[in-house]
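Here is the structure we will look at, set down as structure tokens.
What follows is calculated from the coordinates using simple rules that are stated; it is not laboratory data. A quick note: this is a predicted structure, and the numbers were derived from the prediction, not measured. Every residue, glycine as well, gets a Cβ built from its backbone with ideal geometry; the counts of neighbours run over all protein chains shown.
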Amino acid sequence: MKTTRRDFVASTVAMAVTARSLHAGNDAQTGPGQSSLPVVVSTWPFGKPANERAFALLLAGGRPLEAVEQGIRVTEASANPSVGLGGIPNAAGVVQLDACIMDGVGHRAGSVAGVEGVRHPISVARRVMEKTPHVLLVGDGARQFAVAEGLEVVESDAHERHAAWWKQRAAERAAPDTPGSPRGNHDTIALLAIGLDGTLAGGCSTSGLGGKLPGRVGDSPIIGSGLYVDNEVGAAGATGIGENVMRYCGSFLVVELMRQGLHPNDACMEALRRISRQDPKGTALGVSFIALDKHGRYGSATAGQEFQYVATDRGGSELISSPGLGPLVRVPEGGNRR
Ligand code: ASP
């Protein structure tokens, strides 16, 4: 692992990215109990406060699962325009949230999709995992579950808005959206953590694609697509156009490539190569992966969009510019497309 880490502030981000982009990811193998653990990685520059919350818990001996939940709650509670209740609305003007969490210990997972008016979808996902025999709850069922669990919800007029929108759409005889052409802004926090004991966990939270069809669910809450964790190998997470991840079980693919011995950087890149070989969009996927293996090594790759992620270890937090496949479309600083 690189030892020349430094804390960064917004004004130094560009410099840090330039310095790091030539050797993105880390190399040295570490293991449980070694001083270079714990490690946290997350998508986009806005992941830094989430990483630092998660890292502090891990350093104090906390479980990766707890660190992931608490880290992602930081982003959900912030004014982030792509995560949590402040996120981007769907076509009817309603914010519908997707989230999941996965614990490498026991290979457990929980998800919520298309849930409205819930303050912390990541916490609902964790309760689904821990308190039900299920993996995924959707829509109003997920919201009612959150209420029953005593989790924070806000009033929602989603039902009326959706009804009005579908009525208007029918009246206008609107053409369906062109498949594969999502509109608007979007981003996800995907956060992966390895603890002092070498166990792993991960989570995702997002409002999904801006202007999406009501009811659309992206890759983020789908285990194996937006997130996958396997304690024997490592963890991977995705951000970008979910449809281009879901059709290939993207995060599962990255973990399986690490199982074959690839470094996290190479596993992410090889997954994107495989997807782009088959996909009609080629390398213009608008998809980025991050990965963290059981040795604490991490990396990423991106196709069709510029992408940066944040790695946090004992040396501090660092913003890392992802290696890219094909031409990359610029994404404004901060990660959120405006
Ligand atoms: N993957 C998310 C989705 O498709 C959006 C994003 O990460 O940009 O819902």
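Pairwise over distinct Cα atoms, reciprocal of the mean inverse distance: report the Kirkwood radius of the range 267-338 in Å, one decimal place.
It works out to 12.9 Å.
In whole angstrom, how long is each semi-axis of the equivalent ellipsoid of the chain, when you take the square root of 5 times every eigenvalue of its Cα gyration tensor and sort them from largest down?
Working: eigenvalues 184, 102, 63 Å².
In descending order, the three semi-axes are 30, 23, 18 Å.
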>> At R0 = 35 Å, how high is the FRET efficiency between GLN144 and ASP27 if r is their beta carbon distance? Nearest 0.05 is fine.
In response: 0.15
> Hey, rough spin-label estimate for ARG247 and HIS134, points 7 angstrom out along Cα→Cβ, what's it come to in nanometres?
Replying inline: 2.9 nm
> Once you put a point 7 Å from the Cα of HIS107 and another 7 Å from the Cα of HIS159, both along the Cβ direction, what distance in nm separates them?
Replying inline: 4.0 nm
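Can you tell me how much longer the chain between ALA79 and ARG314 gets when fully stretched, taken as 0.36 nm per residue apart minus their C-alpha distance, in nm with one decimal?
Values: separation 235, 0.36 × 235 = 84.60 nm, distance 2.75 nm.
Length difference between fully extended and current span is 81.8 nm.
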>> So if the hydrodynamic radius of the range 61-193 is defined as the Kirkwood radius over C-alpha pairs, what does Stokes-Einstein give as its diffusion coefficient at 37 °C and 0.692 mPa s, in µm² per second?
In response: 206 µm²/s
> How big is the range 235-295 by the Kirkwood estimate over distinct Cα pairs, in Å?
Replying inline: 11.3 Å
> Taking the DSSP beta bridges in the range 247-338 as the whole, what percent of them are antiparallel, to the nearest 5?
Replying inline: 80 percent
> Peptides 217-227, 109-119: what's the order by average Cβ count within 10 Å, highest mean first?
Replying inline: 217-227, 109-119
>> Could you sort the peptides 55-66, 321-332 by per-residue average Cβ neighbour count (10 Å cutoff), highest mean leading?
In response: 55-66, 321-332
> Which FRET efficiency, nearest 0.05, do GLN168 and ALA60 yield, Cβ-Cβ r, R0 51 Å?
Replying inline: 0.45
> Of the listed peptides 243-253, 131-141, what is their order by residue-averaged count of other C-beta atoms within 10 Å, with the highest listed first?
Replying inline: 243-253, 131-141
>> Cross-link candidates for LYS281: which aspartates and glutamates have Cα within less than 20 Å, leaving aside residues fewer than 8 places away along the same chain?
In response: ASP177, ASP187, ASP219, GLU243, GLU270, GLU306
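How big, in percent, is the set of alpha carbon pairs in the range 176-295 lying more than 17 Å apart? Provide the component values of the computation, followed by the final result.
Values: 3752 of 7140 pairs.
Summing the P(r) of the range 176-295 above 17 Å gives 53 percent of all pairs.
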